[in-house]
Amino acid sequence: ELDVEPADRRDEPRVDAEFLGHVRRGDFAAAAKHVDLRFLASLGSGIAVGIVGLATVMSHLLEHHEQLTYSAFFGLIAASSVLVGRMVDRWTIREIGVFVGGAAFAFWLVGLLPADAPDSLAYVFLCGTIGICAMILPGISGAFILVILGKYEAITGLIKGAVRGDVSVEAISVVAVFGAGCAVGLIGFSKVLRWLLARHEAVTMALLCGFMAGSLRKIWPFKAADEPAGVHSEKIDFRGNVWPESFGATEWTCVGLAVVAAALVLVLDFSTGHAAEKAVDDVEAEPKAER
């Protein structure tokens, strides 16, 4: 019987029954090869370094330069939403409806107030599972999901404390449980997302584009003076978006940062896309005998 599964699919790292079989038999070398452990270790190390390194930086930026930080992220997400929208081959009524629904859902979601958070490890595990799902979707911030769930400052506080050497058994337990929740959510949801992209790519990309567009409500840099806006506020409400009555140096700086950030995304996409096309052309130009 012929194996008709494409070679590139067989070579992809996957956490599946075959991987579990290797682990059950104690063949850890084969298990590591099956999931491409070197790649996952490199990726995980990069994520860990980014979280530890940027936790303090982002806290400082949001606390002392919140408006400018929101402006830069507004440009980044706005440009990224355009790129995601371009991945939809043809916009029909179905795709437009899904886009509008996704945008409305994200617009509603980012306007929620944070919930009172239980202190149990089970709830921490749930927060990790839900938060990591948002992190692999464009447009919905995993950090903001943690704010809604009431665990953002608790988790980032433990991370910053660990960097300063403030480590305890309780802190290690919480971080370990949170990490386990992230792992479960990432493995499970990535399979769902992969299935959606394989069978309903246009609809899925339209939905993700809507998520990104709707989430812009959260990071609109201009807020009413009496409305708290940042994650460090005691009560978070993103419904206080306003249009500036006049444009001074601060307002134009915000606009400039948003434009520069958006331009950076578009330039990077153009350069990487051009490089990829050139690589494909070079491969196609090779004589068949040399392949």
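What follows draws every value from the coordinates through simple rules; no lab data is involved. Remember, predicted model here, so these are calculated numbers, not experimental data. Using ideal geometry, Cβ is built from the backbone for each residue, glycine included, and neighbour counts are taken over all protein chains shown.
What are the semi-axes of the equivalent ellipsoid for the stretch 119-206, taken as the square roots of 5 times the Cα gyration tensor eigenvalues, largest first, in whole Å?
Over the Cα atoms of the stretch 119-206, the semi-axes work out to 29, 13, 10 Å.
Would you please name the trypsin sites (Lys or Arg not before Pro) within the stretch 150-194 that are DSSP coil residues with at most 11 other C-beta atoms within 10 Å of their C-beta? Could you put the intermediate results ahead of the total?
On the way: sites: 151, 160, 164, 191, 194; in loops: 151, 164.
In loop regions of the stretch 150-194 (DSSP not H, G, I, E or B), the sparsely surrounded trypsin sites (Lys or Arg not before Pro) are 164.
Give a residue-ordered list of calculated ³J(HN,Hα) values for the stretch 260-270 (Karplus: 6.51 cos²θ - 1.76 cosθ + 1.60, θ = phi - 60°; whole Hz; x for Gly, Pro).
4, 5, 5, 4, 4, 4, 5, 5, 4, 5, 5
Pull up all non-local amide H partners of residue 223: gap of 5 or more, or a different chain, and H-to-H distance under 5 Å with H placed in the peptide plane.
Under 5 Å from the amide H of residue 223: 242.
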